[in-house]
Structure formats: C-alpha cells, structure tokens
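What follows is a single structure, written as structure tokens, with notes after it.
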Amino acid sequence: MSAEFVRLPIEGMTCTSCVSHITKAVRKVDGVESVKVDLGSESAVVGFDATVTSVTVIAAAINLAGYEPHPEQAAPFVPGPSRGLLARLGLRHGGDEPAIDR
Ligand SMILES: [Cu+2]
C-alpha cells in the first residue's frame, strides 16, 4: 500500500457548500484516494498515492477552487485504530472517545 494520509489546514471555508467545493476539487487530483473535509476544524484529511501526487499539488487544486490551504502546516495523519499514535501526534478521531495513553 502506498497511500499516505495528511491533515491539511484550509482557510476560507464558511459553510457546507465550501466543503463540497473543496471535496470535488481534491477528488479530481490524480492520485488522490480519499478526502474528508471538515468545516469545524478547517482542515481536510487527504489520502493519496505519494508516487503520483503530493501535498503541493493537492494544495494547488484547493487554491484554484478559491480557498487558502496551508501545505506548510500539513501533518501526517494515521487513519484507523492506531490510537496511541494518534494521541502522540495530538490528533483525535471525530466521534471516538479520546485516546488515553497510559
Ligand atoms: Cu460556503
């Protein structure tokens, strides 16, 4: 598996139609495998094939759609059940109870 996940901060979102604009723009990028835009945290979690595309290319697509991504603040995102690692990265899964490192 070559999918890589990043959490990319995006400025300029104000409503759910912004979310769908950004989602559509990111999905069109070659190599993007998944995208989940979150209005509340003003960011998107993008899964992509790093041999095909990059955060820079994804950010450019978001920019063309009229929003202001911050690829320099993009952070690795670990999907799935690895909660200890998520907690260490300071990330939480929406809807899940907070990860507790003992
Ligand atoms: Cu909007």
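Odds and ends about this structure:
- Tallying residues that are of a type in the set (Lys, Arg) and within 13 Å of the chain's Cα centre (by Cα) within the range 11-59 yields 2.
- Unmet criterion (only one of (1) touching a strand residue (DSSP E or B) at 6+ places or on another chain (Cβ under 8 Å); (2) modelled with pLDDT of 95 or more) for Val78: (2)
- Residue count for the range 1-52, restricted to those that are in a strand (DSSP E or B), among the aliphatic types (A, V, I, L, M), within 16 Å of the ligand (Cβ to nearest atom) and in contact (Cβ under 8 Å) with a residue 40 or more places away in the chain: 1.
- Taken over the range 22-41, residues that are charged (D, E, K, R) and buried (at least 16 other Cβ atoms within 10 Å of the Cβ) amount to 2.
- Pairs where the first residue, in the range 65-85, is more than 16 Å from Val46 (Cα to Cα) and the second is surrounded by fewer than 14 Cβ atoms within 10 Å (Cβ to Cβ) and modelled with pLDDT under 70, C-beta under 8 Å, 6+ apart: Arg83/Asp96; Gly84/Asp101
- Being over 15 Å from Gly66 (Cα atoms) and crowded, with 17+ Cβ neighbours inside 10 Å holds for only one residue in Val19, Val6, and it is Val6.
- Residue within the range 81-88 that is modelled with pLDDT under 95, touching a Lys or Arg at 6+ places or on another chain (Cβ under 8 Å) and part of a loop (DSSP other than H, G, I, E, B) present: no
The values are calculated or read from the model by the stated rules, or taken from the named source; none is laboratory data. The structure displayed is predicted, hence computed values, not measured ones. Note that each Cβ is placed from the backbone with ideal geometry, even for glycine, and that neighbours are counted across all protein chains shown.
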